[in-house]
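Peer 1: I have a structure I would like to understand better, so I am pasting it below and will then ask my questions one at a time.
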């Protein structure tokens, strides 16, 4: 039987690259977004696509830090939704965070998946955290799809 860590890695990989159960993957969605579309603000009350991509990366970095033992790491307000303008760099950073996250999960001891994440304001397990970052990607990919359609991107 395949280990739970391997199943989580497979789900994260699938959600990010292709054949995601819910629809277009992160990569499939972002591949159709241009720099101009990424910087477009559909309304004053929404984030731009580039801000969402940078936000996704920021929380992936947090999970990588926590998995690596730095459970005091926090995402600052400046990191949460940074004001970025370099679309290729934002996408490259997200892809790099994918590789680093996969490596961090692979190195995490499976026997600790049901342990509580130390220092968390709300009690949740490592298992919930890892599925949470996958859900976080899916949620924001849906937002990106809607923003891209509003900016006239053909998805």
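Read-outs throughout are calculated quantities, based only on the coordinates presented, and are distinct from any laboratory measurement. As the structure is a prediction and not an experimental result, all values here were calculated from the model. We place every Cβ from the backbone using ideal geometry, glycine too, and count neighbours over all the protein chains shown.
Peer 1: Restricting to DSSP H runs of at least four residues, report the calculated mean residue ellipticity at 222 nm for the chain, -39500 (n - 2.57) per run over all residues, nearest 500 deg cm²/dmol.
Peer 2: The helix-only estimate for the chain comes to -19000 deg cm²/dmol at 222 nm.
Peer 1: Got a sec? How would 141, 34, 29 order by Cβ neighbour count within 10 Å, fewest to most?
Peer 2: Exposure proxy ranking, most exposed first: 34, 29, 141.
Peer 1: Could you please rank 144, 134, placing first whichever residue has the fewest other Cβ atoms within 10 Å of its Cβ?
Peer 2: The order, fewest Cβ neighbours first, is 134, 144.
Peer 1: Let me check against my output: what whole-number percent is the relative contact order of the range 4-150, with C-alpha pairs under 8 Å and at least 6 apart?
Peer 2: Taking the mean separation of contacting Cα pairs over the length of the range 4-150, I get 31 percent.
Peer 1: Of the labelled options [x] -0.20, -0.79, -1.10; [y] -0.23, -0.89, -1.18; [z] -0.29, -0.90, -1.12, which one gives log10 I(q)/I(0) by the Debye sum over Cα atoms at q = 0.08, 0.16, 0.19 Å⁻¹ as computed for this structure?
Peer 2: Evaluating log10 I(q)/I(0) by the Debye sum over Cα atoms at q = 0.08, 0.16, 0.19 Å⁻¹ on these atoms matches [y].
Peer 1: With everything on Cα atoms, drop me the angle between helix 4-16 and the longest principal axis of the chain, reported from 0 to 90° to the nearest 10.
Peer 2: 0
Peer 1: Still on this structure, I have one more. Please report how far the C-alpha centroid of the range 96-155 lies from that of the range 32-79, rounded to the nearest whole angstrom.
Peer 2: Result: 12 Å between the Cα centres.
Peer 1: What ranking do 52, 101 get, fewest neighbouring Cβ atoms within 10 angstrom at the top?
Peer 2: Ascending Cβ contact count within 10 Å gives the list 52, 101.
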